[in-house]
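Have a look at the structure below before the remarks.
Bear in mind these aren't lab numbers, they're just calculated from the coordinates by the rules spelled out. Source: prediction; values computed, not measured. Note that each Cβ is placed from the backbone with ideal geometry, even for glycine, and that neighbours are counted across all protein chains shown.
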Amino acid sequence: MEVGLQLTDGMENMDRPYDVIIAGAGLSGLSLAWQIRQSGMRELRILLIDQANKQVNDRTWCWWERGSGPFEPLVYRSWDTIRVTSADGKAMQIPLGSYRYKMIRGIDMYRFMEEVVHGDPNILRLTEPIESIHPEDQFVHVRTASGSWTGLHLFDSTHRMPMTDPHSRHLLQHFLGYVIQSPTPVFTPQVPDLMNFHVPETGDCRFIYILPFSETEALVEYTLFTGELLKRDEYVKPLEQWINQHLGLSSYRILEEEFGVIPMSDEPVSEFPHPRVTRIGTAGGYTNPATGYTFATTQKRLGQLVRHFLQTGQWQAGTPIRHRRFDLYASVLLDVLSNGDVAASKVFWDLYRHNPIDRVFRFLDGESTFGEELRLMLTTPYLPFTKAGGQVLRRRIL
Ligand SMILES: Cc1cc2nc3c(=O)[nH]c(=O)nc-3n(C[C@H](O)[C@H](O)[C@H](O)COP(=O)(O)OP(=O)(O)OC[C@H]3O[C@@H](n4cnc5c(N)ncnc54)[C@H](O)[C@@H]3O)c2cc1C
């Protein structure tokens, strides 16, 4: 394998395929390039293509973790306690034990990763939309405005789940948040609000999420798990009303805004749609369908794929992302949330109220034992979950 070749245009590339083409340089694409380099494979030639230059702080990533992880220097804030609040305003503070809830700002991650990419002679970064991807037996070809690019393997984070399968449940996690600066101290910087259901009753799943940075600064987000997006005004009004009524703020500075949509669907995802194409990130099924969390699974799964390649020379690992029973649990929860037979606020309140937090986190990470899962199930509203379980099984059998 040759080292140090700087490629400048698509035609030149036609002669020498890249070892890896990464379509989409967001969380999973950049993390993959970084993980490949971290593993010691410095000569692997990588082409990284994204339509955006990733110079904006377009999202925050939170996840829970024990001890320090590889991204510790990038962690903007971390907390050892979280709070969940019921629909009638009862607040429960949950100490996280050996876990911490951590947050990285998107822009910090992008800058860190881009620095790694920028200084690497074997990585070419292209800022262009991808027009098409054509895998063949020996190679995979990608077309952009400036040319055609050839690689041995392509990792695709640009594919969008269609969410049209009539036998699957489809919800969206959508949210609008403001990073606000208040003139008076109103936040508890030590405790983020994971789910605050003390919002006007609408019959579906809505809550406020708060990441406090100081007594006067926080990201406050109005979040929904529902089937349809809203008009902008329908996020803005309840968010601003909540800030006004619950924080007592009539005037404050909005420093930043975050809007996001995360698919929550149990539609089957094809992680390996072709021997030369691997889908990664949300496109690869890394997003937990029941919670929307993706960050930690992205790092874990990419680590598995890189290790598998080091051992076998093949990118496509035979092991699944998570055991299939966790997909089943996620489907049941999606059904419960979609059916509306029980308030979502009760489901989540019961989950956090009646289970030790490490059991909940291990369950959400797909790392719990079957015994722990049974104990967790016993704390959920029995009838709605049994009914949803029956519906999920029937759909799967049919
Ligand atoms: C606002 C927001 C906040 C989130 N917060 C959390 C969180 O706190 N914790 C958590 O675990 N998860 C969170 N998520 C979910 C998930 O972690 C993120 O969506 C994450 O960015 C997914 O990584 P990805 O690589 O799959 O997609 P992305 O990071 O979106 O990367 C995909 C890339 O592909 C590029 N692209 C798409 N189409 C093309 C094309 N045709 N040509 C070229 N480039 C293309 C895009 O520009 C983008 O850069 C959040 C999501 C959003 C939207």
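Comparison of Arg100, Arg160, Arg111 shows that the only residue that is within 15 Å of the ligand (Cβ to nearest atom), part of a strand (DSSP E or B) and of a type in the set (Lys, Arg) is Arg100. Applying the set (1) within 23 Å of Thr287 (Cβ to Cβ); (2) touching a residue at least 40 places away in the same chain (Cβ under 8 Å); (3) away from the ligand (no atom under 11 Å from the Cβ); (4) charged (D, E, K, R) to Asp50 leaves exactly one unmet item: (3). Selection within the range 371-387: residues that are in contact (Cβ under 8 Å) with a residue 12 or more places away in the chain, within 25 Å of Tyr101 (Cα to Cα) and of a type outside the set (Ser, Thr, Tyr). The member of this set that is surrounded by the most Cβ atoms within 10 Å (Cβ to Cβ) is Leu376.
Residues satisfying the criterion are present in the range 140-154 (criterion: within 16 Å of the ligand (Cβ to nearest atom) and touching a Lys or Arg at 6+ places or on another chain (Cβ under 7 Å)).
Residue-by-condition table, conditions (1) within 10 Å of the ligand (Cβ to nearest atom); (2) among the acidic types (Asp, Glu); (3) assigned to a loop (DSSP other than H, G, I, E, B):
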| site | (1), (2), (3) |
| --- | --- |
| Ala283 | yes, no, no |
| Tyr293 | yes, no, yes |
| Thr297 | yes, no, no |
| Leu305 | no, no, no |
| Phe309 | no, no, no |
| Trp315 | no, no, yes |
| Ile321 | no, no, yes |
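Checking the stated criteria, Ala330 turns out not to satisfy the condition of being buried (at least 18 other Cβ atoms within 10 Å of the Cβ) and not in a helix (DSSP H, G or I).
Within the range 276-298, being closer than 21 Å to Ser338 by Cα and not hydroxyl-bearing (Ser, Thr, Tyr) holds for Gly285, Asn288, Pro289, Ala290, Gly292. Among the residues of the range 228-255, those that are touching a strand residue (DSSP E or B) at 6+ places or on another chain (Cβ under 6 Å) and surrounded by fewer than 16 Cβ atoms within 10 Å (Cβ to Cβ) comprise Leu229, Arg253, Ile254, Leu255.
Could you go through the range 230-249 and let me know if any residue there is touching an Asp or Glu at 6+ places or on another chain (Cβ under 9 Å) and in a strand (DSSP E or B). No; the residues of the range 230-249 include none that is touching an Asp or Glu at 6+ places or on another chain (Cβ under 9 Å) and in a strand (DSSP E or B). Considered as a group, the residues in the range 250-281 that are part of a strand (DSSP E or B) and closer than 29 Å to Gly389 by Cβ include one that is farthest from the ligand (Cβ to nearest atom), and that residue is Ser265.
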